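Please read the structure below before turning to the comments.
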Ligand code: FPP
């Protein structure tokens, strides 16, 4: 009997970066120290993804539900996100990376919106790699946003393709692989539409400890999966 050939390296990988708080708690550090360490894991993962031949990385950086966190954690997270965005914009300009940001604009602070606008426009022509940051993102909100856009266009009946074409990033293919770290196994309002046929990899590693070896493990696991898309 012939063996099933391995799936090619996924083009698009999406990650739910979970476990920053627990990582900090284990070290008796403030939660923000966990987010800072998480930002370093983002850099490692970006490099690992490029090395592996992945073309698009979507990272869940801040969900619409994260506003329920204490104000000082939100302030710190946004400072970190702004700093990271500014640094990544320079790097992206240098290395030909395209930056995308997916999510609702309201109620992001104007300084963050300006940085997003600049990051996205100044890297729009780049094509070697795409980093898509899900920021103030909620998948149900994204679907509602798409349907409202279609209603405004006067549509009376809509197709699946209509919805796909009105999501925040209509040009991105659906992720073949979704990784969630820290041992939690749920989607938490992430890419509900796009995940219809995604493979899932649940890593026990807390996000700040995520590294190239763990990323490679997830890709290797994906490559052995039998993808049937509802067929046999
Ligand atoms: C989940 O851990 C993580 C977040 C809500 C924030 C993700 C942000 C970063 C990794 C910081 C930098 C991001 C970028 C894109 C540069 P948690 O706080 O829910 O952890 P817990 O479940 O252990 O409490």
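Applying the criterion of being closer than 14 Å to residue 79 by Cα and under 20 Å from the mean Cα position of the chain (by Cα) to the residues of the range 102-118, the residue that is surrounded by the fewest Cβ atoms within 10 Å (Cβ to Cβ) is 113.
Only residues that are in a loop (DSSP other than H, G, I, E, B) and touching a strand residue (DSSP E or B) at 6+ places or on another chain (Cβ under 6 Å) were counted across the range 177-188, and they come to 1. When the range 36-47 is examined, which residues are found to be under 15 Å from the mean Cα position of the chain (by Cα) and surrounded by 18 or more Cβ atoms within 10 Å (Cβ to Cβ)? 38, 39, 41, 42, 45, 46 - these are the residues of the range 36-47 that are under 15 Å from the mean Cα position of the chain (by Cα) and surrounded by 18 or more Cβ atoms within 10 Å (Cβ to Cβ).
For the range 27-40, the candidate set comprises residues that are in a helix (DSSP H, G or I) and free of Cβ contacts under 8 Å to residues at least 60 places away in the same chain; within that set, the residue that is farthest from the ligand (Cβ to nearest atom) is 33.
Scanning the range 189-205 for residues that are in contact (Cβ under 8 Å) with a residue 24 or more places away in the chain, assigned to a loop (DSSP other than H, G, I, E, B) and over 16 Å from the mean Cα position of the chain (by Cα) yields a total of 1. Scanning the range 123-152 for residues that are in a helix (DSSP H, G or I) and touching a residue at least 60 places away in the same chain (Cβ under 8 Å) yields a single hit, 141. Of everything in the range 59-73 that is part of a helix (DSSP H, G or I) and within 10 Å of the ligand (Cβ to nearest atom), the residue that is farthest from residue 176 (Cα to Cα) is 73.
Residue by residue, here is whether (1) in a loop (DSSP other than H, G, I, E, B); (2) within 11 Å of the ligand (Cβ to nearest atom) holds:
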{"position": "5", "(1), (2)": "yes, no"}
{"position": "13", "(1), (2)": "no, no"}
{"position": "43", "(1), (2)": "no, yes"}
{"position": "57", "(1), (2)": "no, yes"}
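Any residue in the range 41-52 that's at pLDDT 95 or above: show its pairings with residues that are within 13 Å of the ligand (Cβ to nearest atom) at Cβ separation under 6 Å, as long as the two are six or more apart or on different chains. Listed pairs, sorted by first residue: 41/207; 41/208; 41/210; 49/57. A residue that is part of a loop (DSSP other than H, G, I, E, B), under 17 Å from residue 63 (Cβ atoms) and more than 16 Å from the ligand (Cβ to nearest atom) can be found somewhere in the range 153-167. One residue stands out in the range 76-96 among those that are in contact (Cβ under 8 Å) with a residue 40 or more places away in the chain and under 27 Å from residue 173 (Cβ atoms): the one that is surrounded by the fewest Cβ atoms within 10 Å (Cβ to Cβ), namely 84.
The values are calculated or read from the model by the stated rules, or taken from the named source; none is laboratory data. No experiment lies behind these values; they were computed from the predicted model shown. All Cβ positions, glycine included, derive from the backbone under ideal geometry; neighbour counts span all protein chains shown.
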